[in-house]
Amino acid sequence: MEQFIVSARKYRPGTFETVVGQTHITHTLRNALKTGQLAHAFLFCGPRGVGKTTCARILAKAVNCLNLTPEGDPCNECASCTAFNDGRSMNIFELDAASNNGVDDIRGLIDRLRFIPQGGSRSVYIIDEVHMLSTAAFNAFLKTLEEPPAHALFILATTEKHKILPTILSRCQKFDFKRIKTEEIIGQMVRIAERENIAYERDALYLIAQKADGGMRDALSIFDQMVNFGNKNVTYAVVLENLSILDHDYFFRATDYMLAKDHAGLLLLLNEVYEKGFDGLSFLQGLIEHLRNLLVAQQAQTLDLLETTETARQKYLMQVKSFSPTLLLNAFHLSLEAESGFRSAMAPRLQLELFLIKLAHLTTAVEVAEKKN
Ligand SMILES: [Zn+2]
């Protein structure tokens, strides 16, 4: 039987070229590699799962590559690159400060610095979650960072830049990794699905990317689960059900009822939501996002701010035609007000029902006001 390897690991990029969504960083690093003007220490900052460790490993491989490509990428073929790829290179040392944060752990690293690298030119020390180092460990490390041996290269990674001492910050070249764009995450899932013969619906991949909130590792891990649940067919329905996401259809229906001044329809819809096991707050928040999407769909200039699937986009453009700007703005305002009072409400469901009744009457109120003018 074919062994299952998680996608995030199997498709971990081996070159800067294939890193997704961080071109501002990979471009600079490749230029530095080409010109040989590399700093002694780097600090990679940014949210989890966006490629910090991946880039650190590629950089480690690239500085030791015997045959760097003209673009500044490791060749992945020379003796050094293959040693890296097989996990048997002696020129890389990784310390996860989240679980090894004591002064002895850092001493172990400092002791290794005495050895001159074999075969390659630089020994690379990667310290992940460097902000977790204890004060004593930090101080011990600082001395090394002040006078690093010529053959050493340090790559520090952190999700919490503000916790890094200024004395460390000033000695590193800093790179800020960004959350990866939804479209780029979808692109990567599409590539994997095609390689692995996995069927998918694009809207399903969109939901996964949204849930992952800019993190590739999270997205791929959800993707793997959905491949499993869906039996190699990642459909919109499978993702909705397994991620417990309220289908946007509910919100299109809610706003339709509102436009039709049908408060009974709204109350029954809310009941349906509760019966499906969702809570009132997620319904309210979903509705707010829906109204926000309608607002940006109302004008051509803001249409680009509409982050959604193509199917939903068309629906927004259709539905917004029935809204006057005043009505939409008032509905948005009313929903935000309802949300701010929701958490402290004694009877949240009643509050929500009252809000929905007001929402249904809003259409009439705005019509009356607009006729007067
Ligand atoms: Zn190489």
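Here ASN231 meets each of (1) closer than 27 Å to GLY51 by Cβ; (2) not assigned by TED's automatic domain parsing to the domain that holds LEU350 with one exception, condition (1).
Checking each residue in segment 28-54 for being part of a helix (DSSP H, G or I) and more than 18 Å from ARG179 (Cβ to Cβ) picks out THR28, LEU29, ARG30, ASN31, ALA32, LEU33, LYS34, THR35.
Listed by position, the helices (runs of 4 or more DSSP H) inside segment 137-231 whose residues that are at pLDDT 95 or above and surrounded by 18 or more Cβ atoms within 10 Å (Cβ to Cβ) number at least 1 are 182-195, 202-212, 216-229.
For LEU269, the criteria (1) assigned by TED's automatic domain parsing to the domain that holds GLU339; (2) open to solvent by 20 Å² or more (accessible area, probe 1.4 Å) hold in every case but one, which is (2). A Cβ distance below 6 Å, combined with a sequence gap of six or more or placement on separate chains, defines the contacts here; from segment 60-79, residues that are closer than 19 Å to ALA150 by Cβ and outside any loop (DSSP other than H, G, I, E, B) reach residues that are within 8 Å of the ligand (Cβ to nearest atom) and open to solvent by less than 70 Å² (accessible area, probe 1.4 Å) in the pairs ALA62/PRO74; ASN64/SER80.
The values are calculated or read from the model by the stated rules, or taken from the named source; none is laboratory data. These figures come from a predicted structure and were not determined experimentally. Cβ atoms come from the backbone with ideal geometry, glycine included; neighbour counts cover every protein chain shown. Side chains are part of the model used for accessible areas, which takes the heavy atoms of the whole protein and leaves out ligands, DNA and RNA. Shrake-Rupley method; radii C 1.70, N 1.55, O 1.52, S 1.80 Å.
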